[in-house]
Amino acid sequence: MSLLLQKIKEQKIVPLFYNESFEVSKNTVKALYEAGIRMIEYTSRGVQALENFIRLKEIAATEFPGLLLGIGTVKNIKEMDDYADANADFIITPVISEELVKHSASKNIILIPGCFTPSDINLAFQNGLRLVKIFPADALG
């Protein structure tokens, strides 16, 4: 977790994106990497998400050393397991779910839940999490 926090503090942003095309996804990661970004959230929002993510992780060590590549919009245990098996550096959920929190802890997966209310944030804290994503942040203006 400390490496994630370090990257967030250094970058000040965590870009996120998804594209059906692996080539577009790879080129986007390359452009971000060349701009100095070392932590990216790829989102699980389409039919090619898992396959693209697996391929991006396969090339990351050689083409993008030091890159932390995580997955966002994970909504259930099966998706969490799929992306954990694909070596996601972190997993972001759109909501706080005690089931997903417990499952991530049992598998030693770094989980960053989407939280919006103080109660959501408190629930994350009470379950041992120390990092949340305010989601949907655009609703705050």
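The values are calculated or read from the model by the stated rules, or taken from the named source; none is laboratory data. Bear in mind the structure is a predicted one, so any value in this text is a computation, not a measurement. With ideal geometry, Cβ positions are generated from the backbone for all residues, glycine too; neighbour counts draw on all protein chains shown. We work out accessible area using only protein heavy atoms, side chains counted, and drop any ligands, DNA or RNA first. Shrake-Rupley method; radii C 1.70, N 1.55, O 1.52, S 1.80 Å.
For this structure, a couple of remarks:
- Cut-off under 5 Å, modelled amide H: who pairs with residue 68 long-range: 39, 40
- Full-extension gain in nm, residue 78 to residue 61, via 0.36 nm per residue minus C-alpha separation: 3.6 nm
- Cα gyration tensor category, rounded, prolate or oblate, for the stretch 65-133 with a/c compared to 1.5: prolate
- Normalised per residue, the accessible area of the stretch 75-141 is 56 Å², obtained with a 1.4 Å probe and no contribution from ligands, DNA or RNA.
- Charge dipole of the stretch 1-70 (Cα centre as origin; +1 on each Lys and Arg Cβ, -1 on each Asp and Glu Cβ, all else neutral): 260 debye, rounded to the nearest 20.
- Across the stretch 70-82, coupling constants 3J(HN,Hα) worked out from phi with the 6.51/-1.76/1.60 Karplus curve, θ = phi - 60°, read x, 10, x, 6, 7, 10, 8, 5, 4, 4, 4, 5, 4 Hz, and Gly and Pro carry x.
- Remark: the stretch 28-41, residue by residue, has Karplus-estimated 3J(HN,Hα) of 5, 4, 4, 5, 5, 4, 5, 7, x, 6, 10, 8, 9, 9 Hz, where x stands for each Gly or Pro and the curve is 6.51 cos²θ - 1.76 cosθ + 1.60 at θ = phi - 60°.
- Here is how the number arises for the chain: DSSP H runs of 4 or more residues each give -39500 (n - 2.57), the sum is divided by the residue count, and the result at 222 nm is -14000 deg cm²/dmol.
- The mean accessible area for residues of the stretch 1-69, using a 1.4 Å probe and ignoring ligands and nucleic acids, is 55 Å² per residue.
- Within a Gaussian network of the chain (alpha carbon springs, distance under 10 Å), most fluctuating of 59, 92, 40: 59
- For residue 76, no residue has an amide H sitting under 5 Å from its own, ignoring neighbours fewer than 5 places away on the same chain, with H placed 1.01 Å from N.
- Diffusion coefficient (Stokes-Einstein, Kirkwood radius over C-alpha pairs, 37 °C, 0.692 mPa s) for the chain: 214 µm²/s, rounded to a whole number.
- Each of the trypsin sites (Lys or Arg not before Pro) that DSSP puts in a loop and that has at most 12 other Cβ atoms within 10 Å breaks the chain; the longest unbroken stretch is 13-129.
- Listed by chain and number, the aspartates and glutamates whose alpha-carbon sits under 15 Å from that of residue 12, ignoring those within fewer than 8 places in the same chain, are 41.
- Entry note, the chain: relative contact order of 16 percent, from Cα contacts under 8 Å with a spacing of 6+ residues.
- For the residue pairs 57/133; 78/107; 78/102; 9/30, the alpha carbons lie more than 18 Å apart in 57/133; 9/30.
- Sulfur and carbon atoms: percent of accessible area, the stretch 1-104 [1.4 Å]: 53
- Under the convention that each Lys and Arg Cβ holds +1 and each Asp and Glu Cβ holds -1, the size of the dipole of the chain around its Cα centre is about 360 debye.
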